[in-house]
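Everything on this sheet refers to the single structure shown next.
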Amino acid sequence: VKPTVPLDQIDAGVVRTFVAEIEKISADFRGQLLVRFAPDMNGSWVDWGQQPAAYRSAFRAVAAGFKETNDAGTVMVWQPYLGRDYPFDRHRNAPAPGSDGFALLDTNGDGAWDGADNAYAPYYPGDDVVEWVGLSAYHDDTAGQAAVNTVPAAGELT
């Protein structure tokens, strides 16, 4: 599920509306519903990317919204992007160096946000709200050119 409002604007009212919409859409569904909220949150290519504090808060709010409805058929899925090449490009909403938010991204405390930092931990909302974990990985060998379907080389996505 892609957020339609900035993460820091996801409050109880937004969550109630979202949960009600999901329940309406899935009313006749009898299986488990996997809610993959704001995937690839560690990436720079999504509007909600690279904002660990706001992401964790929003994820927790959405999880609480489903828990309040006692919807046992809903499973919260936390799904970052593969950490290879992390931190990718800096997103316009990413915390500025020197800020508290930046300190969350600088997981090794060396004053830099780079490949030596943990690509996942800053965004993890907690075991009490994450029921399943997924991982996004996309094969793209276009180097900015037109996309053509190709098979990844052996070991490329490991």
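Model label sites at ASP11 and VAL77, defined 7 Å from Cα along the beta-carbon direction, differ in position by 3.1 nm. Modelled spin labels at ASP28 and VAL148, positioned 7 Å past Cα toward Cβ, are 4.4 nm from each other. Amide H to amide H distances under 5 Å link LEU34 with VAL75, where only residues 5 or more positions off or on other chains count and H is placed in the peptide plane.
For GLU156 and VAL1, a Förster radius of 30 Å and the Cβ-Cβ distance give a FRET efficiency of 0.55, rounded to the nearest 0.05. The alpha carbon radius of gyration of region 7-133, expressed as a multiple of 2.2 N^0.38 Å, is 1.13.
Rounded to the nearest 10 degrees, the angle from helix 52-68 to the longest Cα principal axis of the chain is 20 degrees.
With the cut-off at 1.5 for a/c, could you classify region 75-158 from its C-alpha gyration tensor as rounded, prolate or oblate? All intermediate terms of the calculation are to be shown ahead of the outcome.
On the way: a/c = 2.22, a/b = 1.34, b/c = 1.66.
In terms of gyration-tensor shape, oblate.
On full extension, the segment bounded by ALA53 and THR107 gains 18.1 nm, given 0.36 nm per residue less the C-alpha separation. Counted by neighbouring Cβ atoms within 10 Å, the residues VAL75, VAL62 run from fewest to most as VAL75, VAL62.
Using the Karplus relation 6.51 cos²θ - 1.76 cosθ + 1.60 with θ = phi - 60°, the per-residue 3J(HN,Hα) values for region 120-125 come to 10, 3, x, 9, 6, x Hz, with x marking Gly and Pro.
Put in line by how crowded their Cβ is, counting other Cβ atoms within 10 Å and starting with the fewest, LYS2, LYS24, LYS67 read LYS24, LYS2, LYS67. In the chain, the calculated helix contribution to ellipticity at 222 nm averages -7500 deg cm²/dmol per residue, counting -39,500 (n - 2.57) for every DSSP H run with n ≥ 4. Against the main long axis of the alpha-carbon atoms of the chain, helix 12-25 sits at an angle near 70°. Fully extending the segment from ASP89 to GLU131, taken as 0.36 nm per residue of separation minus the present Cα-Cα distance, adds 12.2 nm.
Here, each number is a calculation from the coordinates, and none is a lab measurement. Remember, it's a predicted structure, so these values are computed and weren't measured experimentally. Because the Cβ atoms are built from the backbone with ideal geometry, glycine has one as well, and the counts that use them run over all protein chains shown.
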